[in-house]
1. Compute the distance in nm between two label points, each set 7 Å from the Cα along the Cα-to-Cβ direction, one at S132 and one at D93.
2. Using the Cα centre of the chain as the reference point, and only Cβ charges (+1 on K/R, -1 on D/E), how large is the resulting charge dipole? Debye, rounded to the nearest 20.
3. For segment 1-156, what relative contact order do you get, as a whole percent, if you take Cα pairs closer than 8 Å and at least 6 residues apart?
4. Which of I291, Q159, T100 sits closest to the plus end of the dipole of segment 4-293, meaning its Cα is farthest towards the positive end, when Lys and Arg get +1 and Asp and Glu get -1 on the C-beta?
5. Which of the three applies to the chain, rounded, prolate or oblate, going by the alpha-carbon gyration tensor with a ≥ b ≥ c and a/c under 1.5 meaning rounded?
6. For the chain, the longest stretch holding no chymotrypsin sites (Phe, Trp or Tyr not before Pro) located in a DSSP loop with at most 14 other Cβ atoms within 10 Å is which?
7. Would you please give the FRET efficiency between N65 and K177, computed as 1/(1 + (r/R0)^6) with r the Cβ-Cβ distance and R0 = 41 Å, to the nearest 0.05?
8. Please turn the phi angles of segment 247-260 into ³J(HN,Hα) values with the Karplus equation 6.51 cos²θ - 1.76 cosθ + 1.60 (θ = phi - 60°), one per residue in order, whole Hz, x for glycine and proline.
Amino acid sequence: MFDLKKYFDEKRDQINICLDELLSSSTNSTRIASAMKYSLMAGGKRLRPVLCLASAEAVCGNSDNIIREACALEMIHTYSLIHDDLPSMDNDDLRRGKPTCHIAFDEATAILAGDALLTLAFQILSSPETMSENNSSKHLDIVNRVSVAAGYQGMIQGQMDDIEAEGKQLSFDDLEKLHRLKTGVLIEASVCTGAVLGGAETEKVENLQSYAENIGLAFQVTDDILNVEGDPEIMGKSAGTDMERGKMTYPSLIGIDKSKKLAEKLVNNALDVISHFDHRADPLRSIAQYILHRKR
Ligand code: IPE
Ligand code: IPE
Ligand code: MG
Ligand code: MG
């Protein structure tokens, strides 16, 4: 029986050590560096970098040489959270169990810390130290995939849609598009980064992308559910805020029970598309199941 807790604990430790090193070598003890470190090391689940590593393992059985790339994905994710929490966005004061970046520092510093983490991610993805372990054409491919996912046709469009939908009612298809963009595409890019660096042929990259598309959407559906019935102590962020702000969510559109059924269906779809992968894909299988039962 695959032990996901042990797997996650080991990977999270590796990721946290590497993130700490990357920040120390790229920054100094300035105010901006302190703000970047504050949010990055506040204790996230590290789902995106773990997915990147697990995806490479599903393809080639190994992820030792791609930890820096995995960490770059976590930097982009953390930047997105810092900006998402800003007063002009979701106006949240709690994240990862701590005051949000703009509360702990100030708004200008939080904006700049986000900008700096986003830029640092691409610095790391394209640096000679990172590329010496792999070949540069694969890195060009992932820089392209990640920048498209993080950019105005991906996550940024999703965030824009999320704001524009406040107080409105979207169709089921439009809500799916919104969730896929704001959360799904970075998860897809994380899985594809691992697949490409692991040397997967096109068809396998596509299978893994489809796995990620399904779990990415399921992840945001469960985020919406947790916002309704989750425990803020465990989540490290406030609950009930989506309703307060008139956010368009799955529970508000189809109710909690149907949202749970939908998450289950998406996870089953994800498992189906990688059913022909061997035991090296067990971490990916287990992560898909975890998404359904997560409490944070
Ligand atoms: C929260 O992401 C924001 C979403 C995109 C749903 P996570 O739930 O992965 O947050 P951390 O990284 O564990 O804090
Ligand atoms: C966050 O979505 C998406 C991004 C940061 C891109 P939400 O606003 O729904 O997530 P939480 O609930 O604040 O973590
Ligand atoms: Mg938001
Ligand atoms: Mg938010």
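Each value in this text was obtained by applying a stated rule to the coordinates, not by laboratory testing. In this text the structure is predicted, and so the values were computed from the model without any measurement. A quick note on method: Cβ atoms are made from the backbone with ideal geometry, for glycine too, and the neighbour counts reach across all protein chains shown.
1. Rounded to a tenth, the inter-label distance reads 4.8 nm.
2. Numbers: 32 positive and 45 negative charges, 80 e Å.
That gives a dipole near 380 debye.
3. Values: 142 pairs, mean separation 35.2, N = 156.
Computed over segment 1-156, the figure is 23 percent.
4. Of the listed residues, the answer is I291.
5. Details: a/c = 1.58, a/b = 1.08, b/c = 1.47.
Oblate, because a/c is 1.5 or more while a/b does not exceed b/c.
6. Details: sites that count: F2, Y152.
Value returned for the longest uninterrupted segment is 3-151.
7. Details: r = 35 Å, r/R0 = 0.86.
About 0.70, to the nearest 0.05.
8. 6, 7, 10, 5, x, 6, 8, 10, x, 5, 5, 5, 5, 5
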